Structure formats: structure tokens, C-alpha cells
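First up is the structure itself, then whatever we jot down about it.
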Amino acid sequence: MFRFLFYTSVLLILFNACTSKDTADVIILNADIYTVDAANPYANALAIQNGRIKYIGTTEECLKLKGKETSIFDAGNSFLMPGFIEGHGHFSALGESLQILNFNASRSWDDIIGQVENAAKNARPGDWIIGRGWHQEKWIEQPEEEVFGFPVHHQLSAVSPDNPVLLHHASGHALFANLKAMELAGVQLETPDPKGGIIVRDISGMPTGMFQENAEDIIMYAYQSYLDDLDQDELFNVWKERINLAQEECLKKGITSFQDAGSDYKMIESYKKLAQNSELQLRMWVMLRDNYKKMAPVADKVRTIGFADHYFTCRAIKTALDGALGSYGAWLLKPYNDKPGYSGENTISLETVDSIAGMAFANDMQLCVHAIGDRANREIIDLYELYLQKSDSPSALRWRIEHAQHLNPDDIPRIGELGIIASMQGIHCTSDAPFVVSRLGEERAKYGAYAWRSLLDSNVVIANGTDTPVEDVDPLKSLYASVTRKRADNGLIFYPEQRMTRAEAIYSYTLGNAFAAFEEDLKGSLTAGKLADLVILSNNLSTCSDEEILSTKVLLTMVGGKVRYQDPEF
Ligand SMILES: [Zn+2]
């Protein structure tokens, strides 16, 4: 039981005389602490003052900091470590995923149709029905009609004739639309595929409802114009509700900082407002993301570091070079193993990405480029190298590759030499495991896919995360995948020789992510002077069995010395 103690030791009487500046606001005692600080890895107690760690070490020393107003917590010998930092997720989309239809658990197209049918019954005519998380590879039965393994819209259009339907693919790189949505978007037989995108068509050339990569924009524009017509205050309230849902979800799962992989300038301003009004309960570190033309005019004014007591920072720009592997959007050096002659897509041209890189460099912003296929990764390493040569030292920039999923083994040492951060998602490895070998073939999968061991051995800093809402934001599931490369559901293991050790995985989720954000002096380890962002768990993640990682419960989450989540039983 984690409880407030009315501590009445002799020490208390002795040290009541301390001046308030020397006393702690909060002291946590009887904790099994793993600090992630190599100089002082273990401790039993810590003292917090003004939201920062004042002292970490022994109970005896901590109690010297006790004053009249100090709250004392007894952790009951539970495991305590730095709060998890989500290294790459989509915060507002996470909140939205908790508001809309969620197909993560759907095992058939019929199940999805059923859920949309229900939603359509309750919707006003014209309202859009939004869903996400469907993935054809998860289905145990195939749809009646299919083209390239994807369903065709007829059934979906029949259950929702008056409401446009937009269902985001789990990869985040494709969507499915019904007839009403396609009509509103003006999609016809003659509509051409946009550059970097595919409208999937049946044998007669009719769009099936599936829009991949840049083709998503066709439907998204129609949805956006519907949103633009809505009352702006109503929209802001919907967004705020999303943010609250996302915060609640993250804090419950032990996350104290969130690295958001892309928000536009307007949303960044909204986050800042929330931070200023103390409405953010965890710390946001946001990448600016938009098209080049929209980013250019704001690039020199968006950089914000440590705003509102380090609750908001924007010091990075995000862009993308390719799509996802599941939907054949990853840009490969050689064709897909299961789609001969096709090597994926370059979604944003290298010229544009170069312009964005120049903008990041000129404004002292980190650049974070989404690259999944080995071709996309090689192109971005080549581009980063040119900019890194202009800087004092490679680690001065800490530019990141988001995902870095499929690397040519020749490129791995270069990532280390150039000081590029590999921002990867442990859980993607096991989620993708069932189809990686068919897409890439044995050789590429074995030596280049989610190559954590090879990267770590090349001195690369790996940042870890989930890409939520693509995956559950739960760091424990991603940590389990990082140390086992084993699927929790069916035991499938994906090339275990590339596993991280327990210490490496914990580091990747704490200090590694902090380093990837220039925040290692503030976060990522429990060290005197750093922010008091921490988590108390039911198991010791350093020593428990692999399976126990998955049954670990978050007992308490603290941000800046404030309890933001507490398990009712703790
Ligand atoms: Zn992402």
C-alpha cells in the first residue's frame, strides 16, 4: 500500500528546524529503485523539491530533508524507475482512436461492417463515420470480394448509404472509404492515381474503396472540408477531449513524456496554450509536421524549449520518405519478395526532404525523417551525412530516422559513425513478424529487419516507442517485444539474435529517448537535479522473468513530483 505517512521519528524533530529551502516537498521511502544512472544505479529512497529530484540514495539521508510540510510516501518495497518516455507516437490521434471505432481487435471484414452498421444507425445523415486499426493480415476469414488482398466497398456502402465512412488502416498508410465518401471526394473511374499514391481498382478499373499512401489525401480533403464547415469552438472542444483521453491513457501506462511525431503549427500553438494553463499532465515534445510550404513561414518561430516548466517543447521537424511495409509502401533497394518488380514508393521527393533538412539546419531544429525500407534509409543517411559534415560534430545535430526498420547491413555502421538516432518501435517487430519474411525474403529479414543488436553494437542510440495509435501505447508490451522479439499471442519469435538486453531496452525507453530529444540533462534517469518524473511498478523490470513484464502493473505515475495516476489498489 502506497500511503502518506505521518512520520514521527526523532529525525523529523531534529530536522524540523531546516529552512524551507533545504527541505523536500515529497520523500519516497522503501522503494526498490533502478535509476538508469550508471554512476548510481540503485537506491531506496528519493527526495523531491520543486518538482525535481533533490536527493536520491538512502532512507536515512532522505529523511534529513524532511520538513514540516514534507509529504512522505512509503513505496512498500515496490520497484521504482524513471517514467517511460514514448519516443514516437501520435498524441492527438491516440486520443481520437479512443473516440472513434477501433478495429485493432477485429478478426474479419464482416465484424468491421457490423460495427459500421451500428454506428450508421446512430449517426445523423451526413456525419462522417471514422474508424481505425483494421489490418487484413489479422483476419481469420477473408472478405467475399477482394482485390490485392483488400476488401471491396459494396457491403460497406450498403450498410452506410447516407454517411460517408473513412476507415484508417492500422499501418497509418492507407484508408478505406465507402461509396458516399468517394462521391463527396469526387472519385470516379477516370480519377488518376496521385504521385506517390495508389487508388486500388477492380478488373474494370473501378476504385474499390482502398486508397494507399498519397491517395489517402483525396478522401481526407473531403473529410477536411466537412470539418471546416463545423463550428470551430465545437471542434476545439472535441480536440481537447481527445488530448484528455490521450493523457489519461498514457499516465495509466506509466508514460511521463510523449514525443509526438508530427503536429502542424496550429496544433502546436494549441498545445502551448494547454501547457500555459497547466492543462497538460505529462510532458509533450513535439515535432512540427506539415507540407514544406506551410512549414517554411513558421520554421523560425516554432522552436520552443522547456516551455511552462518543461511541459512543452518543439525542437524538431518531421517528414517522411516512404510508407509502411505491410501495405507495400516501404521503399526498397530491390523489389518485394512477394510483389515482383515492385520496390515501394518514395512519398515525399528527395528534393523536398532536402529543402526541409535545410530549414531544420538553419533553425537549429532536429530533423526526424520517417524511413522504413532499406532504400529510404540509405537515401536519408546519405542526405544527413551532407548536413552533418557542416556541423561541429555528428552528435551536435542528433537527427533521427523514424522507424529505421529495414536496413541494408552495409548502412548500419554508418548510422553509428554519423551519430544518427534510430527511433524504432519494439512492438512493430513482433506485430509485423508474420509478414516480414514474405515481403523481404529470409536474407533481408534476418540481417536488416529491426536490427537492434547490430545497431547497438555499432554504438547507435536507439529511441523506443510504439507509434501509437498504430500500436497500443503500452511501454511494457513494447519492452517485452524488445527483449524477446516474441509475439505474446502465438509465441512466434523473430530472429532472436537481434534482441536487446533488459538494461538496453529500459535505457531505450528512458535515457535513450531523452538523449534523442536533447533532454538527457532533464529526464531519463533518476539523478539529483533532474525532473521528478517516475513510475512505480508491481515487478522489478530489471530482474523479473520475460513473461512477468507483460503482467506488470503500473502502480503510480508521478510527473514533476505530482501524482498523476495511482492504481486504486496501491
Ligand atoms: Zn508515426
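The values are calculated or read from the model by the stated rules, or taken from the named source; none is laboratory data. Quantities reported herein were computed from a predicted structural model and do not represent experimental measurements. Please note: Cβ atoms are built from the backbone with ideal geometry, for glycine as well, and neighbour counts cover all protein chains shown.
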* Determine whether residue 122 is on the phi < 0 side of the Ramachandran plot, under 31 Å from the mean Cα position of the chain (by Cα) and surrounded by fewer than 23 Cβ atoms within 10 Å (Cβ to Cβ). => no
* To do: For residue 404, state whether it is crowded, with 20+ Cβ neighbours inside 10 Å, more than 19 Å from residue 286 (Cα to Cα) and within 15 Å of the ligand (Cβ to nearest atom).
  => yes
* Structure fact -> Restricting attention to segment 150-176, the residues that are surrounded by 24 or more Cβ atoms within 10 Å (Cβ to Cβ) and aromatic (Phe, Trp, Tyr) number exactly 1
* Within the group 461, 470, which residue is β-branched (Val, Ile, Thr), closer than 25 Å to residue 368 by Cβ and modelled with pLDDT under 95? -> 470
* Does any residue in segment 457-486 that is over 10 Å from residue 428 (Cβ atoms) come within less than 6 Å, Cβ to Cβ, of a residue that is of a type in the set (Ser, Thr, Tyr) and away from the ligand (no atom under 16 Å from the Cβ) six or more places away or on a different chain, and which pairs are these? -> 462/508; 464/508; 464/509; 475/509; 476/552
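Here's the yes/no breakdown for (1) at pLDDT 95 or above; (2) touching a Gly at 6+ places or on another chain (Cβ under 8 Å); (3) outside any helix (DSSP H, G or I):
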residue	(1), (2), (3)
295	yes, no, no
309	yes, yes, no
334	yes, no, yes
355	yes, no, no
359	yes, no, no
368	yes, no, yes
* Please verify whether segment 502-519 includes one or more residues that are within 26 Å of residue 140 (Cβ to Cβ) and crowded, with 20+ Cβ neighbours inside 10 Å. => no
* How many residues are away from the ligand (no atom under 16 Å from the Cβ) and surrounded by fewer than 22 Cβ atoms within 10 Å (Cβ to Cβ) if we restrict to segment 457-473? -> 3
* To do: Please specify each residue of segment 36-48 satisfying the condition of being under 23 Å from residue 563 (Cβ atoms) and touching a residue at least 40 places away in the same chain (Cβ under 8 Å).
  => 36, 37, 43, 46, 48
* What about residue 117, is it without any contact (Cβ under 8 Å) to a residue 40 or more places away in the chain and more than 27 Å from the chain's Cα centre (by Cα)? -> no
* Asked: Could we say that residue 253 is farther than 30 Å from residue 197 by Cα and not β-branched (Val, Ile, Thr) here?
  -> yes
* Among 349, 343, 327, which is the only one that is touching a Leu at 6+ places or on another chain (Cβ under 8 Å) and under 30 Å from residue 442 (Cα atoms)? -> 343
* Asked: Just wondering, is there one or more residues in segment 232-247 that are modelled with pLDDT of 95 or more, closer than 30 Å to residue 349 by Cβ and either within 16 Å of the ligand (Cβ to nearest atom) or of a type in the set (Ser, Thr, Tyr) (or both)?
  -> no
* Mind listing just one residue for me: the one in segment 339-396 that is in contact with a helix residue (DSSP H, G or I) (Cβ under 9 Å, 6 or more places away or on another chain) and of a type in the set (Lys, Arg) and, of those, surrounded by the most Cβ atoms within 10 Å (Cβ to Cβ)? => 378
* Select, from 414, 444, 439, 453, the only residue that is among the basic types (Lys, Arg), in contact with a Leu (Cβ under 7 Å, 6 or more places away or on another chain) and in a helix (DSSP H, G or I). => 439
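Per-residue answers, yes or no, for (1) more than 19 Å from the chain's Cα centre (by Cα); (2) of a type outside the set (D, E, K, R); (3) surrounded by fewer than 23 Cβ atoms within 10 Å (Cβ to Cβ):
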| position | (1), (2), (3) |
| --- | --- |
| 58 | yes, yes, yes |
| 62 | yes, yes, no |
| 81 | yes, yes, no |
| 91 | no, yes, no |
* Complete set of residues in segment 537-570 that are in a strand (DSSP E or B), in contact (Cβ under 8 Å) with a residue 24 or more places away in the chain and either surrounded by 15 or more Cβ atoms within 10 Å (Cβ to Cβ) or not charged (D, E, K, R) (or both) -> 537, 554, 555, 556, 557, 558, 559, 564, 565, 566
* To do: All but one of (1) in a helix (DSSP H, G or I); (2) more than 30 Å from residue 241 (Cβ to Cβ) hold for residue 325, so report the exception by its number.
  => (1)
* Asked: Considering only strands (runs of 3 or more DSSP E) fully contained in segment 22-127, which possess at least 1 residues that are closer than 24 Å to residue 477 by Cβ?
  -> 32-34, 79-82, 84-89
* Right, residue 347: of a type in the set (Val, Ile, Thr), modelled with pLDDT under 95 and outside any helix (DSSP H, G or I) or not? -> yes
* To do: Sort through 270, 263 and tell me the only one that's modelled with pLDDT of 95 or more, within 16 Å of the ligand (Cβ to nearest atom) and closer than 23 Å to residue 309 by Cβ.
  => 263
